[in-house]
Amino acid sequence: MRYLILAAISLIIGITQMGCSNRNKTVVGGPDALEAATRMEESQQEYNDCVSVRHPGSANCDSLQRLYEKDKAEYEAQIQ
């Protein structure tokens, strides 16, 4: 039983780290660009989570997609 619990914990940690691996991207620009990039990545992840649970085009997913587009535009403005 103890080994089963340890295996489950190891699996959860492994899956969590795999999901976070794309968050270590290099960001061009200063601190404002880093903050904008972080917001953009978080809003993109929220949108992707919404689409995986619901279907694209639902009201919640559409609002999250608009938020992602706004955050993306702010990031692009910071790096120019």
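What follows draws every value from the coordinates through simple rules; no lab data is involved. In this text the structure is predicted, and so the values were computed from the model without any measurement. Here the Cβ positions follow ideal geometry from the backbone for every residue, glycine too, while neighbour counts run over all protein chains shown.
Residue ranges 38-45, 50-57, 72-79 sort as 38-45, 72-79, 50-57 when ordered by packing (mean number of other C-beta atoms within 10 Å per residue, highest first).
In region 33-48, which residues have a backbone nitrogen under 18 Å from the label point lying 7 Å from Glu76's Cα in the Cα-to-Cβ direction? From region 33-48, the list is 33-45.
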